[in-house]
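Since every read-out is calculated from the coordinates, none of them should be taken as a lab result. All figures in this text were calculated on a predicted structure; none of them were measured in a lab. Backbone-built Cβ (ideal geometry, glycine too); neighbour counts: all protein chains shown.
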Amino acid sequence: MDFGISEIMMGVMAAMSAAGTGLSVASQVQQSKAAAKAAEYNAQAITQGPTSDVANIDYETTQQVQAETAKNKEIRSKQLAMAAASGVDPEAGSSKMIDLNNAYEGALNELRINYSGELKKQGAYKQAALYGQQARNYNAQTPWLVAGGALQGAGSLARQYYAYKSPGLINSNYGSNYGLGTNYDTSV
């Protein structure tokens, strides 16, 4: 079989089209894999290790509870000192009621701090779960990227081959001129 310049050019164009499609698909797959790794890293950064968001929330909550406990002890000490200075029995009457009320409020504040910390941790775990799902989604799209790229490349090659075999049916912009060639009136 004798190959002319047009057959060689057709082969070169087909090879370039296939290579371009392959590189485009490879790039998309790499981007998808990188995004999946980033999402996995973000999920782990939130939940694992001593510097994770969850560990920081635990630390902050513990510090806040300890500060609240220290404040409550300080209030109790001041109340006992004032009662002793005034000669009032701190274990009887209104002094006892004030002391109980302050202890109650202090305990409630500690519970509020712990509850707030737990809500923050739940939010962090949910964010980590979202990152995990995002990573799974990125990984799941890889075969579809490859399939889409292969179909796009096959369509481009088919279009080029068809244009080569039927030059009068398709113009240079790959738009159809319905087999009319180049000699037709477009004025209306």
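Per residue, the chain reaches -30000 deg cm²/dmol at 222 nm when only DSSP H runs of four or more residues are counted, each adding -39500 (n - 2.57). Our summary gives the chain a relative contact order of 35 percent, counting only alpha carbon pairs under 8 angstrom and 6 or more residues apart. Length available on full extension from Q79 to A92: 0.36 nm per residue minus the Cα-Cα distance, which gives 3.4 nm.
The Cα center of the range 14-28 and the Cα center of the range 71-119 differ in position by 74 Å.
For the chain, the calculated P(r) over all alpha carbon pairs, in 10 Å bins from 0 to the bin holding the longest distance, is 8, 17, 13, 12, 11, 9, 8, 7, 6, 5, 3, 1, 0 percent. By the beta-carbon count within 10 Å of each Cβ, the least crowded to most crowded order of M82, M13, fewest first, is M82, M13. The order of the peptides 35-42, 137-144 by mean Cβ neighbours within 10 Å, most packed first, is 35-42, 137-144. In terms of other Cβ atoms within 10 Å, S77, S116 run from fewest to most in the order S77, S116.
Dipole magnitude for the range 5-165: about 740 debye, using +1 per Lys or Arg Cβ and -1 per Asp or Glu Cβ, origin at the Cα centre.
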